[in-house]
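What follows is a set of notes on a single structure, which appears directly below.
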Amino acid sequence: MCIVTSMELGDAIVVSNQVLQKTLDGLTQITKKNFAVTDSEGGILATTMEDTRRYVDSARSFAGSDADSQTIFGCHYMKVFDEQRLEFIVIAQGDSEEAYTAARILAFQIQELMVAYRERFDRDNFIKNLLLDNLLMVDIYNRATRLHVDIEARRIVMVVEVGDDKDGDDMERVRTLFSGRSKDFVTAVDEQNIIIVKELQPGDTYDDVQKIANTIVDLFHGVPDRNVRVAYGTIVNEIKDVSQSYKEASLALDVGRIFFKDRNVIAYSVLGIGRLIYQLPIPLCKMFIKEIFKDKTPNDFDEETITTINKFFENNLNVSETSRQLYIHRNTLVYRLDKLQKATGLDLRVFEDAITFKIALMVVEYMNYMEDHNF
């Protein structure tokens, strides 16, 4: 079965096999009639009949005829068009008036599904082009008005990284979370990520967005081969600024891989200096590191030194607290800091030197990441 989705095929909007099957199952329970739906060439898409293959040839012949409905071999056949193009053939078992009525109901239901899918596709296509900055300002407002998308509303963009083998189940899992919210959009513009354009209520804050992001991560707990990460941008107030929030979320995802590896959720607002370092050219980074450390780099430090440095920064340069957490004497920590000062010329107990050292560590981390990933 296909995943529930809509796609562009020429000018047609195709309703998935899964949705068709669910529609047939429901109508069969109500009418006690059996049905089948084929494509325009007689291929079976969904059925509640036991042996549908015997109807393929007759469906193919019916598709090529001028008739819109016909009784063949004790079954009612009916065509379903999408803007004058034949899309489906409905088959209702039985040649009674009740079977004919049931076939008409099914054909009408499929017709309505296509209308809904077309609107969903048009809105999805609009959001994708909006995110990618593919629309002129006048087109944004005109299409938003035509598609009944509010121009002024508080929105935020969230990017869900699921990996290279993202599939339709991943998309549907996320869509289910937002299924009752018609003003939210769940879409994708690449093979790795799912994008959510979330409309916020007047009182919603970034804390509420963080909770939603955590819920998305929880959706994938227990799913094999899924280590999901979620990033989000800043809140915008107009539809034209949605692309900016998307760029921020994408940048947060990239920067988070380097400087926030232990987080599954990362906000653009917490990137800090990491956002600036990520945009530096590698030659400039190498020049900076050489100026700071001369012939040494943090990559040359032993594990004990790195642990001491990180813990010292975690405790805001507090010698007493750092020594306590490292389970070492205060004088031992002072000795290590003195040793580091002799090796680098930087005294981490001095705020300016500490800032320089912290930035240098982040630059080296950035350089290591870019080298490991062949950027």
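The values are calculated or read from the model by the stated rules, or taken from the named source; none is laboratory data. Since this is a predicted model, take the numbers as computed values, not measurements. Cβ sites come from the backbone with ideal geometry, for glycine too, and all protein chains shown count toward neighbours. Quick note on the areas: whole protein, heavy atoms, side chains included, nothing else; ligands and nucleic acids left out. Shrake-Rupley method; radii C 1.70, N 1.55, O 1.52, S 1.80 Å.
Summary table
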{"item": "Label point distance in nm, Asp133-Asp241, each placed 7 Å from Cα along Cα→Cβ", "result": "1.7 nm"}
{"item": "1.4 Å probe accessible area per residue over the chain, in Å²", "result": "54 Å²"}
{"item": "Relative contact order (percent, whole number), the chain, Cα cutoff 8 Å, 6+ residue spacing", "result": "10 percent"}
{"item": "Filtered GluC sites (Glu not before Pro), the range 141-210: DSSP coil and at most 16 other beta carbons within 10 Å", "result": "Glu191"}
{"item": "Protein accessible area in the chain, 1.4 Å probe - carbon and sulfur %", "result": "49 percent"}
{"item": "Three semi-axes of the equivalent ellipsoid, the range 81-145, Cα gyration tensor, whole Å, largest first", "result": "39, 9, 9"}
{"item": "Two-decimal ratio, the chain, of alpha-carbon radius of gyration to 2.2 N^0.38 Å", "result": "1.42"}
{"item": "DSSP H segments from the chain that extend 30 Å or more along their own axis, Cα-based, with Kyte-Doolittle mean of -1.0 or above", "result": "97-131, 351-372"}
{"item": "For the range 129-221: Kirkwood Rh in Å [reciprocal of mean 1/r, alpha carbons]", "result": "14.5 Å"}
{"item": "Positive-pole candidate from Ser96, Leu106, Ile127, dipole of the range 86-129, charges at beta carbon", "result": "Ile127"}
{"item": "Distant alpha-carbon pairs in the range 58-193 (separation over 20 angstrom), percent", "result": "62 percent"}
{"item": "Virtual spin-label span in nm between Val189 and Asp95, 7 Å along Cα→Cβ", "result": "5.8 nm"}
{"item": "Ellipsoid semi-axes in whole angstrom, largest first, where each is sqrt(5λ) of the Cα gyration tensor of the range 196-338", "result": "37, 21, 15"}
